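One structure is given here, and the rest of the page talks about it.
The values are calculated or read from the model by the stated rules, or taken from the named source; none is laboratory data. Computed from a predicted model, the values in this text were never measured in an experiment. A quick note on method: Cβ atoms are made from the backbone with ideal geometry, for glycine too, and the neighbour counts reach across all protein chains shown.
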Amino acid sequence: MPPFSESEARALLDRVMGLSQSEGCSADLQATRSGNIRFARNAVSTSGITDDATLTVQSRYGRKTGTAQVNQFDDESLTRTVRRAEELARLAPEDPEVVPLLEPQRYAAVPAGFVDATAAVTPEFRADTAAASIAAARQQSCVAAGYLVDAASWNATRNSRGLFGYYPDTTADYSITVRTENGGGSGWGGQDVNDVRTLQAESVAKLATEKAAASRDVRAIEPGKYTVILEPAASVDLIQLLLFNNGAREADEGRSYLTKAGGGTKLGQKLVDQRVTIYSDSASPELPCRPWDGEGLPRSRTPWIEKGVVRNLRYTRYWAEQKKKPATAQPGNWIMEGGQGSLEDLIRSTDRGVLVTRTWYIREVDPQTLLYTGLTRDGTFFVENGRIAYAIKNFRFNESPVIMLNNLDALAVPVRVQGSETFGRVMVPPMRIRDFTFSSLSDAV
Amino acid sequence: MTGMAAGALALPPGTRLVPFWNGAITPIPSADKRQLADAALGAARSAGASYADVRIGRYLNQFVTSRETKIQNVTNLESYGVGVRVIADGAWGFAASSEVTPDSVARTARLAVTVAKANAKLQAEPVQLAPQKGYGEVSWRSPIEKNAFDVPLKEKADLLLAAADSGLKSGAKYLQGLLFLVNEQKYFASTDGSYIDQDIHRIWPAFLAVAVDTSSGKFEERFSLSTPTGRGWEYLSGRPDDKMKGPPGTEVTLYGDSYDMIEDAAQAGRTARRKSKAKSVTAGKYDLVLEPSHLWLTIHESVGHPLELDRVLGYEANYAGTSFATLDKWRSKSFKYGADIVTLFADKTQPHSLGAVGYDDEGVATKRWDLVKNGILVNYQAIRDQVHVIGESESQGCCYADSWSSIQFQRMPNVSLAPGAAQLTPAELIGQVDRGVYIVGNGSFSIDQQRYNFQFGGQLFYEIKKGKIVGMLRDVAYQSNTQEFWNSCAGICDQRDYRLGGSFFDGKGQPPQISAVSHGCATARFNGVNVLNTARKI
């Protein structure tokens, strides 16, 4: 099925438009060829290759819409899918929130997205990556578990008003958790790239191994409020959760942390420390992404928080029309600006604090205050006088990213990183935060 | 591509050279599936596989969503393809494709063998697969009364709109609704000689009601008290016999084998308003009385996950985590997981549960077994390539893949708390509590990667004083340690109160897969649990 060249994708979507009998039709194609390898206990556990392509068709009659999806592309399947979308649309009640199909748009060129070398990864390359990772752990008498997934995808969108977009993309994501043989210490590392030639699995594995070995003997310190140094993998989920919740409609409707008492939103208000700037930009060379969102809106550069001030909320096309505001595309990436120096520099300039490698199982406790709970994991250390002094037991935290970013102390240079459970494309800097709330100890290693 | 004639591949006797199933709405004919399966198995064997299985899957989903009194989305999803798993040179390999013809499935099978051989050089020891007899041609279907996919869209839209209307009239300012239908049509065949055809149905009606106080800028949410279930449209019949009045002082109606979405939306509107005016909890130790609509999730996180053998062995170390329930604790035969009254069992056979199937995704008939017996850890959840580790000769039948394109692996069966032997109602249980909190519905949930430290919220919280519910509370979460928590279990209501809760979205694995799983329990009491106050100011 995959790959789809631009002309093949256009031809397929033109066929769909030709089949349409509704008043309006839009279609999205996503084809993916993906390979992966998992290893654990210093051996390969599972590995596979998958080819798939899905076509999603939305048909409309006035303000009635229906959607159908299929992964077969013969004439009969295409016809059946278009007819099903039309049938659902005819049966659906009117939705006053349906907006007209978008006119043709100009999407930014994203040259860095697709890399041939990533699309050409072989089972042998994956096995060799796993072998090098395992070897790094074995050298320190440790046990490795990890994962490499590479994917090439071909995305296209089309509607009956003539809109068309095509975007091929490759990614390779690698992560490793190394544990000491007795299970007393654990360390993690990961890297997320578009170009597999820039993947440095062996050095990431060595770093994870060093962290595991360094956390063989842990001390328990009391829960409470601490200065923390959050590595990018420790803050990335909380940062994304802050941004996932920036819908204008929810804020206007009074059910968001961005709602103001008495009505209205916090748009234009200072929300967090003035050194915090977060924006989206599909054309970022370090973090390319598809240049349109689910509504077909171009993903141009959009600041969300600028110098601590809420600069934009996310307006869907419908809500933008209601509020007489420009619509904002659903972001495909988030980039948080940083400061100077590296993680090591942050550690060197810290008198007393907790260094957190990674956080885990973060869940919302209160949407009103954006309070989240979660845990530290795979490398938590106490820092004293600018040096890592000793490994400490993991903590549960209860913290709001709003409070966290108000207690900002210092930022280093941003790094591309993937979250533990949020899978967006993100760059965040290592950061030092005052008074981060650790509420209880965890025995987990 | 579909619609093609069988190619040059050597096919078994009886092979026809006519077009194959073309993805129409009718089920795939069994003869087509068998022929495709044999093509894959034969190709895998010829390429050097010592074992192979093939899953031909057709997955149908339907979503209908509403926002207040508007239907916002009606979507039908359909995915069809084949996944082939092999052992070659002692290692696993897998490949999957949405092209389903004899030629392409054979090609996919050969690719799986290539993957296995590339991995074999890293294999410390060959895969050890527990023997499994072939069942020949067998089938299984979810015991549904009315296929929800056959219900007219208008009926579904009307239900969501009526629920929204009911919630909005009762105090909610916003109400978003969902009907989520799942049908897995799965055909499994293996070189062991099984050809298993299964038709699995699930449904989940749900909503979120929100009450807003504009002057203070505050809002309160209340999720539906429904559960996802292995039923058809009959789940939405809201039969009077399936409704239970909550204990005195709660004014809540709870649901069993069927659900009344319109009624629940009305009580959600009322309770969201009430919750916003409730007393903020004073942090401290309380005796908790946990209703099944809440407790299922605590069971899921603190019992279901830590007893997955792949976690215990370290296979999930890089993502979902490992487990505190290590093999030495199990071998001791004396590890006190919970109080004496606590028996927790795994079960893939309970009718209408989300995990119920006839056979798992590696061709093993499903069953029930104990995990914790009278408080002692006695077993794990294991599949064919793991059971030798715990000295068993056959798989426990809990292997699952969420799609034809996903690699099947060990997934949690339904894990449930056995009801108490003595007659005990929730009201009687509350009557025994001096200072406590009664919790209904699941809310926030978080647990560490070895399943020691957890924190849970809920939907509705009621203060218990001297055996009576005296009012609602808010800002409640409880935090505990798994072993400490289950050993604090001081009472479990009887079979009459036993109900299933569950999730469509249990996540595990890399790439992440979801799985639907139920957990049964009756209302239970846990003494002296740490309760936090979660109120903050930003």
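Annotations for the structure displayed:
- Residue check, B:Ser518 in contact (Cβ under 8 Å) with a residue 24 or more places away in the chain, more than 10 Å from chain A (Cβ to nearest Cβ), of a type in the set (Ser, Thr, Tyr) and surrounded by fewer than 24 Cβ atoms within 10 Å (Cβ to Cβ): no
- Just one residue in the set A:Leu297, A:Leu346 is under 22 Å from the mean Cα position of the chain (by Cα) and not acidic (Asp, Glu); that residue is A:Leu297.
- Residue in the range B:43-62 that is within 12 Å of chain A (Cβ to nearest Cβ) and either within 16 Å of A:Ser45 (Cα to Cα) or in contact with a helix residue (DSSP H, G or I) (Cβ under 7 Å, 6 or more places away or on another chain) (or both) present: yes
- Taken over the range B:180-228, residues that are assigned to a strand (DSSP E or B) and closer than 26 Å to B:Lys275 by Cβ amount to 17.
- Whichever residue in the range A:370-391 is buried (at least 20 other Cβ atoms within 10 Å of the Cβ) and away from chain B (no Cβ under 14 Å) and, among such residues, is farthest from B:Phe454 (Cα to Cα): A:Val383
- Among the residues of the range B:191-224, those that are crowded, with 22+ Cβ neighbours inside 10 Å and under 30 Å from B:Ala88 (Cβ atoms) comprise B:Ser194, B:Ile196, B:Asp197.
- The residue list A:Pro96, A:Pro111 contains one member that is facing chain B (nearest Cβ under 8 Å), part of a loop (DSSP other than H, G, I, E, B) and at negative phi, which is A:Pro96.
- Restricted to the range B:183-217, and to residues there that are among the hydrophobic types (A, V, I, L, M, F, W, C) and within 14 Å of chain A (Cβ to nearest Cβ), the residue that is nearest to B:Gly171 (Cα to Cα) is B:Ala211.
- Residue within the range A:325-348 that is assigned to a strand (DSSP E or B) and closer than 21 Å to A:Lys225 by Cβ present: no
- Pairing residues of the range B:93-105 that are within 20 Å of A:Pro123 (Cα to Cα) and of a type in the set (Phe, Trp, Tyr) with residues that are modelled with pLDDT of 95 or more and outside any helix (DSSP H, G or I), at Cβ distances under 9 Å and at least 6 apart in sequence or on separate chains, gives B:Phe94/B:Gly83; B:Phe94/B:Val84; B:Phe94/B:Arg85; B:Phe94/B:Val86; B:Phe94/B:Ser406; B:Phe94/B:Ile407; B:Phe94/B:Gln408.
Residue-wise test of (1) away from chain A (no Cβ under 11 Å); (2) over 25 Å from B:Gly363 (Cβ atoms).
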position: B:Thr69; (1), (2): no, yes
position: B:Arg85; (1), (2): no, no
position: B:Ala95; (1), (2): no, no
position: B:Val100; (1), (2): no, no
position: B:Thr114; (1), (2): no, no
position: B:Lys154; (1), (2): no, yes
position: B:Ala163; (1), (2): yes, yes
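- A:Cys289 meets the conditions (1) away from chain B (no Cβ under 12 Å); (2) of a type outside the set (Gly, Ala, Ser); (3) within 26 Å of A:Tyr390 (Cα to Cα); (4) touching a residue at least 60 places away in the same chain (Cβ under 8 Å) in every case but one. The failed one is (3).
- Every condition in (1) away from chain A (no Cβ under 12 Å); (2) of a type in the set (D, E, K, R); (3) in a loop (DSSP other than H, G, I, E, B) holds for B:Glu125 except the one numbered (1).
- For the range A:418-445, a residue qualifies if it is away from chain B (no Cβ under 12 Å), crowded, with 20+ Cβ neighbours inside 10 Å and either among the aliphatic types (A, V, I, L, M) or farther than 23 Å from A:Phe244 by Cβ (or both), and the qualifying residues are A:Val426, A:Met427, A:Val428, A:Met431, A:Arg432, A:Ile433.
- B:Pro248 meets all of the listed conditions (1) within 14 Å of chain A (Cβ to nearest Cβ); (2) more than 30 Å from B:Gln350 (Cβ to Cβ); (3) surrounded by fewer than 24 Cβ atoms within 10 Å (Cβ to Cβ) but one, namely (1).
- Checked against (1) in contact (Cβ under 8 Å) with a residue 12 or more places away in the chain; (2) surrounded by 24 or more Cβ atoms within 10 Å (Cβ to Cβ); (3) facing another protein chain (nearest Cβ under 10 Å), B:Ser444 meets all criteria but (2).
- Flag if A:Arg290 is of a type in the set (D, E, K, R), assigned by TED's automatic domain parsing to the domain that holds A:Met427, buried (at least 19 other Cβ atoms within 10 Å of the Cβ) and part of a loop (DSSP other than H, G, I, E, B): yes
- Residue match in the range A:371-381 (condition: aliphatic (A, V, I, L, M), over 30 Å from A:Leu313 (Cβ atoms) and assigned by TED's automatic domain parsing to the domain that holds A:Pro223): yes
- Taking the range B:165-179 as the range and being within 14 Å of chain A (Cβ to nearest Cβ) and in a strand (DSSP E or B) as the test, the residues that pass are B:Tyr174, B:Leu175, B:Gln176, B:Gly177, B:Leu179.
- Residue list for the range A:44-74, filter: surrounded by fewer than 20 Cβ atoms within 10 Å (Cβ to Cβ) and either facing chain B (nearest Cβ under 8 Å) or touching a His at 6+ places or on another chain (Cβ under 6 Å) (or both): A:Thr54, A:Asp74
- Enumeration of residues in the range B:85-115 that are assigned to a helix (DSSP H, G or I) and of a type in the set (Val, Ile, Thr): B:Val105, B:Thr108, B:Val113, B:Thr114, B:Val115
- Filtered by the rule that a residue be hydrophobic (A, V, I, L, M, F, W, C), closer than 22 Å to A:Gly308 by Cα and assigned to a strand (DSSP E or B), the range A:212-248 gives A:Val228, A:Ile229, A:Leu230.
- Here the range A:320-350 is the region considered, the condition is being of a type outside the set (Lys, Arg), in contact (Cβ under 8 Å) with a residue 40 or more places away in the chain and surrounded by fewer than 18 Cβ atoms within 10 Å (Cβ to Cβ), and the residue that is nearest to the other protein chains (Cβ to nearest Cβ) is A:Glu321.
Yes or no, residue by residue, for (1) out of contact with any Phe, Trp or Tyr (no Cβ under 6 Å at 6 or more places or on another chain); (2) acidic (Asp, Glu); (3) within 30 Å of A:Asp443 (Cα to Cα):
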| position | (1), (2), (3) |
| --- | --- |
| A:Val310 | yes, no, no |
| A:Tyr318 | yes, no, no |
| A:Lys323 | yes, no, no |
| A:Ala329 | yes, no, no |
| A:Asn333 | yes, no, no |
| A:Gln340 | yes, no, no |
| A:Thr350 | yes, no, yes |
| A:Thr359 | yes, no, yes |
| A:Gly374 | no, no, yes |
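- In the range A:114-153, the qualifying residues are those that are within 25 Å of the chain's Cα centre (by Cα) and more than 14 Å from chain B (Cβ to nearest Cβ), and the one that is surrounded by the fewest Cβ atoms within 10 Å (Cβ to Cβ) is A:Asp116.
- Residue match in the range A:169-180 (condition: of a type in the set (S, T, N, Q) and within 9 Å of chain B (Cβ to nearest Cβ)): yes
- Some residue of the range B:74-83 being of a type in the set (Phe, Trp, Tyr), buried (at least 17 other Cβ atoms within 10 Å of the Cβ), within 11 Å of another protein chain (Cβ to nearest Cβ) and within 25 Å of B:Ile203 (Cβ to Cβ): yes
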